Amino acid sequence: MKIVTFNINNINKRLHNLVAWLGRTEPDVVCLQELKAEQRAFPERALRELDYRSVWQGERSWNGVAILARGSEPVLTRSSLPGNPEDSQARYIEAAVNGVLISSIYLPNGNPQPGPRFHYKLAWFERLLAHAADLIAAGLPVVLAGDYNVVPTAEDIYPTRSLDKNALIQPESRQAFARLLAQGWTDALRRLHPKGPLWTFWDYERDRWRSNKGMRLDHFLLSPVLSERLVDGGVDRWVRGEDNASDHAPAWIVLDL
């Protein structure tokens, strides 16, 4: 099973890019973030023509998450992260696909910090930690995929001091990610590629794509029962260089099921 996470950064604006990439790579499952489309504006028909069935949680102008499955129907299990019924932001969706429970996560950015947005980021992270702990305790085959908006270590960002105050690299953000791993989750891409850059994001500003000044924001966390099934993974960097590209590139893993 080939699983991809991809922050598409406006699915309708980049539908041509998405369709072309799907046709070329044919992944089995795709977790999308930052749809920037309300529920009824999701391009379900165009994706179904490529044999992808979808579940999604849209939000007008911002956020939005989806899970696509090729040749099968994803079975929706959650359309929001538990822990705060008043939180209406579309940042978490979860579905069962061929015996694997898969989530698509769009964790809050948290900038500027300090401030209410960073507080929301950390509070959301605490809710994810609680839900992830329940999934681990259940012993299920789970993939927590998505844009975590966290650079886990200094190795996961190009050398710079210009972002020292950015919410993506704050100690609290990194500590929350480390606490997730301590529950027993495996950082799939870093396990496969223990050293060296694994950039998945290059900011539009200051020509950072052309100068390869990137960072790793998009991650797959595997539950213990799946970690031994991990056989391959990487990043489709070329997608970031296409016309009209998202500022993220698709990251992918392969599980031998």
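Being over 18 Å from the mean Cα position of the chain (by Cα), surrounded by 14 or more Cβ atoms within 10 Å (Cβ to Cβ) and either under 30 Å from Asp232 (Cβ atoms) or not polar (S, T, N, Q) (or both) is true for just one of Asp87, Asp51. Which residue is that? First the steps, then the outcome.
Numbers: Asp51 fails: surrounded by 14 or more Cβ atoms within 10 Å (Cβ to Cβ).
So the residue among Asp87, Asp51 that is over 18 Å from the mean Cα position of the chain (by Cα), surrounded by 14 or more Cβ atoms within 10 Å (Cβ to Cβ) and either under 30 Å from Asp232 (Cβ atoms) or not polar (S, T, N, Q) (or both) is Asp87.
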Failed criterion for Pro197 (all others in (1) out of contact with any helix residue (DSSP H, G or I) (no Cβ under 9 Å at 6 or more places or on another chain); (2) under 22 Å from Ile3 (Cβ atoms) hold): (1)
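Specify which of the listed residues (Thr160, Thr153) is of a type in the set (S, T, N, Q) and free of Cβ contacts under 8 Å to residues at least 24 places away in the same chain.
None of the other options fit; the residue is Thr153.
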Of residues in segment 93-134 being among the polar types (S, T, N, Q) and outside any loop (DSSP other than H, G, I, E, B), the one surrounded by the most Cβ atoms within 10 Å (Cβ to Cβ): Ser104
Count - residues of segment 19-77 that are part of a strand (DSSP E or B) and touching a Lys or Arg at 6+ places or on another chain (Cβ under 6 Å): 2
Members of segment 203-227 that are buried (at least 24 other Cβ atoms within 10 Å of the Cβ) and either of a type in the set (Asp, Glu) or touching a Cys at 6+ places or on another chain (Cβ under 6 Å) (or both): Asp218
Subset of segment 1-28 that is in contact with a Ser or Thr (Cβ under 9 Å, 6 or more places away or on another chain) and under 25 Å from Val231 (Cβ atoms) - its residue that is surrounded by the fewest Cβ atoms within 10 Å (Cβ to Cβ): Lys2
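Rule-based calculations on the coordinates, nothing more; no lab input. Please read all numbers here as calculations on a predicted model, not as lab measurements. Cβ sites come from the backbone with ideal geometry, for glycine too, and all protein chains shown count toward neighbours.
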